[in-house]
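Q: Before I ask anything, here is the structure I am working with.
The values are calculated or read from the model by the stated rules, or taken from the named source; none is laboratory data. A quick note: this is a predicted structure, and the numbers were derived from the prediction, not measured. Every residue, glycine as well, gets a Cβ built from its backbone with ideal geometry; the counts of neighbours run over all protein chains shown. Note: accessible area is taken over every heavy atom of the protein model, side chains too, but ligands, DNA and RNA are not part of it. Shrake-Rupley method; radii C 1.70, N 1.55, O 1.52, S 1.80 Å.
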Amino acid sequence: MTYPESLPLYSGRLPVRQGNLPDFPRDPLACMRSLHSEFGDLAVIEDQGKRITFVFSPEYNRQVLSDSQTFHSQFFAIRGGRRSAQRRVTSGLLSMNGAEHRDNRRVMMDVFSRRILPEYHSVICDLTQDFMSDWTVGQQRDLNTEMVNFMVRMTSALLFGIDDAHYALELGSMIDHWVRQNHEVGMGALVSAPQFTENYEKLLTDAEKLEASVQELIAAHKSQQSATNRSDVLSLMFQAQKTNEQLTDEKLVGHATLTFAAAHLTTAHTLSWTLFLLAQHPQVMDRLALELAEGTSGPYPTFDELESLTYLEWVIKESMRVLPASSYSQRVCAEPAQLGPLSLPAGTPVIFSQYLTHHRPDLFEAPDEFRPERWADISPSAYEYLPFGAGPRMCIGAPLAMVELRTSLAVMLKRFHFQMIPNSVVDGQIISTMLGPTSSVKANLLETSDSPQTVPVTGSIHSLVKLPDTARAATHERAA
Ligand code: HEM
């Protein structure tokens, strides 16, 4: 492991900052960057006896992520009482640990098996085509809103077999709102500040409403089972129930809710960022357009054709490196642990960050730049490049997510190219562990015979990725 010269190594001084813990939830990226540049690969914020530990290197990522016995997942810090709806809707893989996690993950691995991916491919093609049916060349669209709506529909269809767009949006926004509340109030459990805990009761009430909706969905779906032969994820979970009595209806509520929560915004943000980066890097877009033209025969790439689109794969990988939708996650020490010079008592939260790891200059040359070509020459380890996490809790939906991303991007880019609106504002921020656009991402739809041009944009995007010089607006220079 090599260390960048600019970062300090330990010299007997513990990497502990006496600080304000709420700085972290307020602006996770700014906080992690400043800790990384001050302390290097391992850092701690301490505030009135409470500590959060941060790891920023592949080696520490490995130590934390590969040892799921010592470092437990605690994606939802607020679990509610034993019999509460909050406890039940948070009872999915993301919250489980030990044998419970291992057993449930085994069941879910079957549900997400690679075997069924080809079946999803045609659904994804049809949905993408349908979603674009009212798009026309010359129109302006907000890619952020479009991609969130698109992925809510896609996720509802693939997970629950829902083809009602209105219902899908309602369920999606209910789940998003609840996840966001969890992180606000959950940070309160981590950092105990009144502004984070005052919504505790509201969170529990909203969990009851969410549970009722998911239960209704499951009951309706179950009643249609005998009449249809469906291959959405929920149908596969019903089949798994037949051979696994531990997978009760109550467990299904937790799995269904958390899988939906884990699946749709991550893919939506990845799509928005990828389309934005392609629009601002015309040479990349041209090379991709050529690959799509030569490597696919009809308006839909076949499943086999998709497998051979290497450059598309690099574009997606690079987009997820430079702007990873999942930008950090956390564990909590289930028992005392040693990380480098630090002895961590049980209960200490530990944060790892995809964004910080992916932007290390010792791992990736010019790490802030979007350069898909780099993937011809690099093969980072699982703990150096980890958009889907790593170790025994790595994203179970990663193969499905990659099929969704590759298929929908290929279908979209065979119909339209995208041109950013000059001088528009593009902001991005981490909210509830996810890095997504927090402003509109306004683009014009072009013919596929047209190449986009790099245009100046303003906003916090410039602090997240280094765009070509022509993408820097004069106003941004002043604001920076
Ligand atoms: C681009 C899209 C996606 C990204 C970037 C992503 C990222 C991640 C990451 C980083 C983790 C690990 C979190 C941790 O270690 O704390 C994770 C876990 C998980 N993801 Fe994804 N995910 C994506 C799509 C999906 C999809 C499509 C599904 C399901 C349909 C899904 C379901 C899950 C589940 C159930 C877990 C928990 C696994 C466990 O704890 O064993 N994700 N995801």
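Q: What is the chain by shape, rounded, prolate or oblate, if you read a ≥ b ≥ c off the alpha carbon gyration tensor as root eigenvalues and call it rounded for a/c under 1.5, prolate for a/b larger than b/c, and oblate otherwise? List each step's numbers first, then the result.
A: Numbers: a/c = 1.60, a/b = 1.06, b/c = 1.50.
Verdict is oblate for the chain.
Q: Heavy atoms only, probe 1.4 Å: what % of the accessible area of the chain goes to carbon and sulfur, would you let me know?
A: Values: 9930 of 19940 Å².
Whole-percent figure for carbon plus sulfur exposure: 50.
Q: For ILE378 and THR205, compute 0.36 nm times the residue count separating them, minus their Cα-Cα distance, and round to one decimal in nm. Working shown, then result.
A: Values: separation 173, 0.36 × 173 = 62.28 nm, distance 4.86 nm.
That works out to 57.4 nm of additional length.
Q: Using 7 Å Cα-to-Cβ label points, what is the ALA398/GLU250 separation (nm, one decimal)?
A: 3.3
Q: Using a 1.4 angstrom probe, figure out how much accessible area the range 16-479 has per residue, in square angstrom, rounded to the nearest whole. All intermediate terms of the calculation are to be shown ahead of the outcome.
A: Details: 18540 Å² over 464 residues.
So the range 16-479 comes to 40 Å² accessible per residue, rounded to a whole number.
Q: Could you check the spin-label model distance between VAL137 and GLU294? Points 7 Å from the Cα along Cα→Cβ, value in nm.
A: Each label point lies 7 Å from its Cα, and together they span 2.4 nm.
Q: Hey, how many Å between the Cα centroid of the range 287-328 and the Cα centroid of the range 359-406?
A: One Cα centre to the other: 14 Å.
Q: Counting only helical runs of four or more DSSP H residues, what would the 222 nm mean residue ellipticity of the chain come to if each run contributes -39,500 (n - 2.57) and the total is spread over all its residues? Don't skip to the end; give the middle numbers.
A: On the way: 18 runs with 237 residues, N = 480.
Rounded to the nearest 500, it is -15500 deg cm²/dmol.
Q: Can you list the lysines whose alpha carbon is less than 22 Å from that of LYS466, not counting same-chain residues fewer than 8 positions off?
A: List returned: LYS317, LYS442.
Q: While we're on this one: For LYS202, give me every one of the lysines with a C-alpha distance below 28 angstrom, ignoring sequence neighbours fewer than eight places off in its own chain.
A: Result set, ordered by chain and number: LYS50, LYS251.
Q: Which length gain, in nm to one decimal place, applies between GLN129 and GLU38 when the Cα-Cα distance is subtracted from 0.36 nm times their residue separation? Write out the running numbers ahead of the final one.
A: Numbers: separation 91, 0.36 × 91 = 32.76 nm, distance 4.87 nm.
Between GLN129 and GLU38, full extension yields 27.9 nm more.
Q: Here's a follow-up. Looking only at the chain, where both bridge partners belong to it, what percent of the DSSP beta bridges are antiparallel (to the nearest 5)? Walk me through the numbers on the way to the answer.
A: Working: 28 of 37 bridges.
Expressed as a percentage, antiparallel bridges in the chain total about 75.
Q: Right, here's the next one. At 27 angstrom or more along the helix axis (alpha-carbon based) and mean Kyte-Doolittle of 0.5 or higher, what helices does the chain contain? Whole DSSP H runs only. Could you put the intermediate results ahead of the total?
A: On the way: long enough: 165-191 (38 Å, 0.07); 200-224 (37 Å, -0.48); 249-280 (47 Å, 0.53).
In the chain, the long hydrophobic H runs are 249-280.
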